[in-house]
Amino acid sequence: MQQILITGSNRGIGLALAKACVAQGDKVFATCRQPASADALQTLAQEHPDQVTIVPLSVTDESSLNACVDAVMSVTDTIDILINNAGIYPKAPEHTQLGVLEADALNYVLQVNSVAPVMITQALLPLLKSSTNPRVVMVSSQMGSIERAGTSGFSYRMSKAAVNMATKVLSGMLRGDNVTVITTHPGHVSTDMGGSSAPVSPDESATGLLSVTNGLTIADTGKFLNYTGAQLPW
């Protein structure tokens, strides 16, 4: 049984990942900002009380992160897989349109999508290092590929390019500790973020991401992979 921590587990890809992990027999620490209102996640935990532990976590709040780590460490000294899934994709003009961009808006997206995954990885590193095959998966996007840069989603593209760079740097830093770190594109998924007409379902994305994650070794560290396992351009 693997022990897996997933951020942003209350809906979308995160919830689908939690369900897929449970289906393959893993123990899941499912985090979200407001567990009391995460009805689907609460149901999953009630149906699988031995496999799902819900932990409050606001990813940009240092005290919340410390409390989350303390809660996890109170029941285990090992995390095999960390999936940094929590993220936002604002579409308001202050995030997207040159001429009305706002620094505070851009900074907030960078905090959530780029800085928080690094700080969460750092905080959980002692638990990851105690695993025999520790893996860190950043749920990024092909929109973070500089080679494929477009003009939509300005702040989102910036943040995903930044977390992709963080992945590369972390993979080099942690190779000696046998911690595999990759970044991924989950597909264009039919979630609140991706829109209802997106071609990939949350379950399809989660199944693919988990299959990729299960097969990772240190030889894969630093890669940028699609949910199908195909490599993507930086």
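Among the candidates LEU216, LEU128, the residue that is open to solvent by less than 10 Å² (accessible area, probe 1.4 Å) and either assigned to a loop (DSSP other than H, G, I, E, B) or modelled with pLDDT under 95 (or both) is uniquely LEU216.
What about VAL136, is it open to solvent by 10 Å² or more (accessible area, probe 1.4 Å), modelled with pLDDT of 95 or more, under 14 Å from the mean Cα position of the chain (by Cα) and not charged (D, E, K, R)? Here the answer is no, as VAL136 does not meet what is asked. Every condition in (1) open to solvent by 30 Å² or more (accessible area, probe 1.4 Å); (2) at negative phi is met by ASN178 except one, and the failing one is (2).
Consider SER211 carefully, then state whether it is assigned to a helix (DSSP H, G or I), surrounded by fewer than 17 Cβ atoms within 10 Å (Cβ to Cβ), within 16 Å of the chain's Cα centre (by Cα) and polar (S, T, N, Q).
Details: assigned to a helix (DSSP H, G or I): yes; surrounded by fewer than 17 Cβ atoms within 10 Å (Cβ to Cβ): yes; within 16 Å of the chain's Cα centre (by Cα): yes; polar (S, T, N, Q): yes.
Yes.
Among the residues in the range 146-155, are any more than 19 Å from ALA86 (Cα to Cα), open to solvent by less than 20 Å² (accessible area, probe 1.4 Å) and at pLDDT 95 or above? Taking every residue of the range 146-155 in turn, none turns out to be more than 19 Å from ALA86 (Cα to Cα), open to solvent by less than 20 Å² (accessible area, probe 1.4 Å) and at pLDDT 95 or above.
Kindly establish whether MET165 is surrounded by fewer than 21 Cβ atoms within 10 Å (Cβ to Cβ) and at pLDDT 95 or above.
Working: surrounded by fewer than 21 Cβ atoms within 10 Å (Cβ to Cβ): yes; at pLDDT 95 or above: yes.
For MET165, the condition - surrounded by fewer than 21 Cβ atoms within 10 Å (Cβ to Cβ) and at pLDDT 95 or above - is met.
Kindly provide the set of residues from the range 1-37 that are β-branched (Val, Ile, Thr) and modelled with pLDDT of 95 or more, ordered by number.
Within the range 1-37, ILE4, ILE6, THR7, VAL22, VAL28, THR31 meet the criteria.
Listed by first and then second residue, the pairs with beta-carbon distance under 6 Å, at least 6 apart or on different chains, first residue in the range 45-65 and closer than 15 Å to THR7 by Cβ, second open to solvent by 40 Å² or more (accessible area, probe 1.4 Å) and not hydroxyl-bearing (Ser, Thr, Tyr), are VAL55/ALA71; SER58/ARG33; THR60/GLN111.
The values are calculated or read from the model by the stated rules, or taken from the named source; none is laboratory data. Computed from a predicted model, the values in this text were never measured in an experiment. Neighbour counts run over all protein chains shown; Cβ positions are idealised from the backbone, glycine included. Side chains are part of the model used for accessible areas, which takes the heavy atoms of the whole protein and leaves out ligands, DNA and RNA. Shrake-Rupley method; radii C 1.70, N 1.55, O 1.52, S 1.80 Å.
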